[in-house]
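Chemist: Got a structure here, written out as structure tokens. Questions coming.
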Ligand SMILES: Nc1ncnc2c1ncn2[C@@H]1O[C@H](COP(=O)(O)OP(=O)(O)OP(=O)(O)O)[C@@H](O)[C@H]1O
Ligand SMILES: [Mg+2]
């Protein structure tokens, strides 16, 4: 089991009000699988993903990733885990505006222990010819390609995607999903993806439905549909 989340709980307190966001989440994902998390707004999807990615900490429960108990790591170890093992892709691309495409990727590869070759990664996301451009000179889909390149250049074990196509049109979304599927195949990267689009679940090995801080349904797909054949 690559990801093994068990009885995970998390609450936030603001003033006198305590908000239980995760109420005992159970989730398992094998190495090399694609997992999709569905669920209404506010159900705790991003909170769960941030804990798995070492950005936030749980109150209690277990989060094993590749045999390591994330909750037991010191702050320094957690930072190291996040830097070395996890790639993040968000709805908004979070590129550094005054760096070129290539530089946005190099800043990550420079601090990585075993980075992939920058040009190869740019080739994989079909952005090599635009590597001297700045983010503002790119379309939304192109910016998302660069952010995927930035996330995969450090060769992470785990790629966490929080609504990666949320800001993109239909065709561009499909090409981004195809790219993620390709990364999964080519590099064996385990992918966990949050989406509001139930059709996207067809490209996943496992689909988790979160509601009010719990996984209320889990499905295993025996047949994985290539992203370019998914329609919605
Ligand atoms: N840092 C925080 N401090 C206080 N409350 C928070 C914090 N982060 C999240 N929450 C609360 O936790 C709940 C779950 O938030 P979360 O972002 O995980 O939802 P989500 O399922 O990702 O929703 P969406 O689909 O809208 O992105 C929400 O009620 C939110 O207000
Ligand atoms: Mg969210």
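Nothing in this text is a laboratory measurement; each read-out follows from the coordinates by a stated rule. Given the structure is predicted, the values throughout are model-derived calculations rather than measurements. With ideal geometry, Cβ positions are generated from the backbone for all residues, glycine too; neighbour counts draw on all protein chains shown.
Chemist: Percent of Cα-Cα pairs more than 24 Å apart in the range 1-116, please. Can you show the working numbers first?
Modeler: On the way: 2380 of 6670 pairs.
Cα-Cα pairs in the range 1-116 separated by more than 24 Å: 36 percent.
Chemist: For a quick check, take a GNM of the chain with Cα springs below 10 Å and name the residue from 76, 66, 162 with the largest mean-square fluctuation.
Modeler: 76
Chemist: For residue 69 and residue 119, compute 0.36 nm times the residue count separating them, minus their Cα-Cα distance, and round to one decimal in nm. If you can, show how the numbers build up before the last one.
Modeler: Numbers: separation 50, 0.36 × 50 = 18.00 nm, distance 3.42 nm.
So the chain would gain 14.6 nm between residue 69 and residue 119.
Chemist: Here is a further query. Taking Cα pairs under 8 Å and at least six residues apart, what relative contact order does the range 3-229 come out at, in percent?
Modeler: This gives 29 percent for the range 3-229.
Chemist: Given R₀ = 30 Å, FRET efficiency for residue 62-residue 98 by Cβ-Cβ distance, to 0.05?
Modeler: Efficiency, from the Cβ-Cβ distance: 0.15.
Chemist: Expressed in nm to one decimal, what extension gain is obtained for the pair residue 6 and residue 91 from 0.36 nm per residue of sequence separation less their Cα-Cα distance?
Modeler: In short, 27.9 nm is gained.
Chemist: Which of 167, 149, 16 moves most in a GNM of the chain, Cα contacts under 10 Å?
Modeler: 16
Chemist: Using a 7 Å offset from the Cα along the Cα-to-Cβ direction at both residue 167 and residue 84, what is the distance between the two label points in nm, to one decimal?
Modeler: Placing both labels 7 Å along Cα→Cβ, they lie 3.1 nm apart.
Chemist: If each of residue 14 and residue 182 carries a label point 7 Å out from its Cα toward its Cβ, how far apart are those two points in nm?
Modeler: Taking the two extended label points, one gets 4.1 nm.
Chemist: For labels at residue 198 and residue 212 in the simple 7 Å Cα→Cβ model, what's the distance in nm?
Modeler: So the two model labels end up 2.0 nm from each other.
Chemist: I've got another one for you. For the chain, what does -39500 (n - 2.57) per DSSP helix run (n ≥ 4), summed and divided by total residues, give at 222 nm, in deg cm²/dmol to the nearest 500?
Modeler: For the chain, the value works out to -8500 deg cm²/dmol.
Chemist: Also, I was wondering about something else. On the first, second and third principal axes, largest extent first, how far apart are the outermost C-alpha atoms of the chain in Å?
Modeler: That gives 50, 42, 35 Å along the principal axes, largest extent first.
Chemist: Here is a follow-up. Rounded to the nearest 5, what % of the DSSP beta bridges within the chain are antiparallel ones?
Modeler: Looking only at bridges with both residues in the chain, the antiparallel portion is about 55 percent.
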